[in-house]
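Some notes on the structure that comes next.
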Amino acid sequence: MPAADRPDTTAHTLAQRAHTLAQRARGLGAMLLPAACPLCEMPAPAGRALLCRWCVAALPGIDARRCPRCALALGASGTCRVCRDHPAPTDDAIALADYAAPLDGLVRALKYRDRTALAAPLAAALAARVAACQPAPCWPELVVPVPLSEARLRGRGYNQSLLIARGLARRLDLSLAADTLVRTGGDADMHLAGRPRAGRERALAGAFTASTRLRGRRVALVDDVMTTGATLRAAARAIRAAGAAAVSAWVVARTP
Ligand SMILES: [Zn+2]
Ligand SMILES: [Zn+2]
């Protein structure tokens with residue numbers, strides 16, 4: 001190497017090292033900074049970004065009595081207006097809270113703004129809810145996320161339901177069976193919300209195909225939001241058609 005090049009090279013190497021060190025320091029800083037509750041930003045004692053118990057206790061509809069089949073918050077009558085006429089194909093359903101502020105903001109950030117780190121605190125809060133209220137006979141063996149269509153997955157780059165399902169499986173010590181349910185059609189529940197029930201169900205009929213590996217298994221179907229319920233119903237039907245012994249629906253948020 002010519003002598004004249006040495007100072008430059010050394011300077012370059014030093015600059016590179018300084019940059020690497022700065023990067024490492026930033027990474028270390030982020031690790032040392034206490035993780036915070038994503039809603040109130042209070043430092044999380046466990047050092048992991050989890051919803052604090054005060055924010056969980058204040059979630060919309062957290063204490064609501066819910067339909068055991070579809071998780072809809074029940075009114076004073078105590079009967080589910082949806083399942084009364086169209087019984088859900090799920091054996092049971094659990095929702096953390098209603099799809100309303102501030103939970104809806106977290107779900108939208110996870111889903112539409114690449115805030116994938118929000119999946120862990122949402123999964124943790126839902127796991128605690130599931131562990132507290134799941135009746136033992138229906139306890140599933142497998143966690144299956146509601147899949148996105150291939151086009152939507154390509155556009156978003158990740159399936160938020162898979163991220164939540166992964167967190168649930170880890171926390172509840174269940175197996176994740178992400179590839180056992182495939183979506184071949186039918187786009188988001190949102191687009192179907194304005195259609196009458198029969199139209200929604202028709203649009204989603206055959207949108208999912210489940211693997212025969214689910215035969216005889218107890219399955220928890222996981223989604224971020226249950227809006228009309230049409231998507232989860234179609235997915236649950238496919239899982240039943242594949243011979244599953246039981247299907248539960250676990251969602252972070254339920255549209256009231
Ligand atoms: Zn909080
Ligand atoms: Zn119901």
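FYI, it's all coordinate maths here, none of it is from the lab. None of the values given here were measured: they were computed from a predicted structure. Counting neighbours? That spans all protein chains shown, and the Cβs are built from the backbone with ideal geometry, glycine included.
Observations on the structure shown:
- Modelled spin labels at Trp54 and Met42, positioned 7 Å past Cα toward Cβ, are 0.4 nm from each other.
- Cα-based convex hull volume of the stretch 61-254 per residue, rounded to whole Å³: 113 Å³
- Based on Cα atoms of the stretch 202-256, Rg over Rh with Rh as the Kirkwood radius reads 0.98.
- Cα centroid of the stretch 153-175 to Cα centroid of the stretch 66-130, whole Å: 16 Å
- Each of Met226, Met42 has some number of other Cβ atoms within 10 Å of its Cβ, and from fewest to most they run Met42, Met226.
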